[in-house]
Amino acid sequence: MAALFLKKLTLQTVKTENYYIRRCLGKYILQGLAPTQLSPRPSCLIHAKAFSTKDTQDERTKKKKNETAFSSVGRKINERIIHVLDEKGNDLGHMHRANVIRLMAERDLRLVKRDPHAEPPQYQLLTGAQIHQERLQLREAERAMPKPGPTLTKELTFSSNIGQHDLDTKSKQIQQWIEKKYKVQITVKKAKSADEPEKKMEEMCNRIVQTMSGIATFSSRPQPIRGGKAVMCVLRPLSKKEEAAWRAALGTPRGDTLNRGDGKDRASGVLPQ
């Protein structure tokens, strides 16, 4: 009995020692680990890119840009049946994509989209040189298109009793703005010490326009404001068509320009509105 009791006591002592050893070693190991290693990474953060709205929008934008660009689609034809034109513009009718791919290989041609919204979609077979030429034409057309933007308006106000020298200076400033394709709003105020009719202020606006024949005309003709105490008008640059008509009327070649710095050398006519 004593031997059995001693054996049980020995086993209990060994278990207790192992428990305390594991506890001490485990605490030492945990103290050496970084905080990020103690807690598992949340599963919701894994594969976050798959749910990113920004990445999805960027991919859609990139795909849309590639679809609108004029380029060869290669051999990746999504539709089973397509409407095909050859490199000379001849209509080949509806063809299976396998036949189109075989024709491309036989004649060393490339396939581009012409009308993706047609039913079935319309494609054309072109050579590499033809694709390059059409790309150049598209670039030239884009450069020739006017860039949209707000039309800026400059404002200038002066009194009707302004001196001739100051008026010439302001006329030159207006001319510089017009040449930069600005509109110019001119306000002529009635002099406080003078009792003059509105007609005099309107004539001053007309004289300014007359010094700029060939480059500017009225966008808005002189009209009284502030109860007749001032007259306002708006000048704008001439369009290319108006410039050509003005030169044709004077018999002036395009390369020959009048002395724009001196209003005395200009014609006195104003383009009709």
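The set of residues in the stretch 66-121 that are within 24 Å of LEU136 (Cα to Cα) and touching a residue at least 40 places away in the same chain (Cβ under 8 Å) comprises GLU67, PHE70, SER71, SER72, VAL73, VAL84, LEU85, GLU87, VAL112, LYS113, PRO116.
Working only within the stretch 161-183, note down all residues that are loosely packed, with under 14 Cβ neighbours inside 10 Å, free of Cβ contacts under 8 Å to residues at least 40 places away in the same chain and within 38 Å of the chain's Cα centre (by Cα). Residues satisfying the conditions are THR169, GLN173, GLN176, LYS180. Among the residues of the stretch 66-82, are any open to solvent by 60 Å² or more (accessible area, probe 1.4 Å), under 30 Å from SER220 (Cβ atoms), modelled with pLDDT under 90 and in a loop (DSSP other than H, G, I, E, B)? No, every residue in the stretch 66-82 fails to be open to solvent by 60 Å² or more (accessible area, probe 1.4 Å), under 30 Å from SER220 (Cβ atoms), modelled with pLDDT under 90 and in a loop (DSSP other than H, G, I, E, B).
The values are calculated or read from the model by the stated rules, or taken from the named source; none is laboratory data. Every value quoted in this text rests on a predicted model; they were computed, and no experiment measured them. All Cβ positions, even for glycine, are placed from backbone atoms using ideal geometry, and neighbour counts span all protein chains on display. Accessible surface is based on the protein model in full, side chains and every heavy atom, while ligands, DNA and RNA are left aside. Shrake-Rupley method; radii C 1.70, N 1.55, O 1.52, S 1.80 Å.
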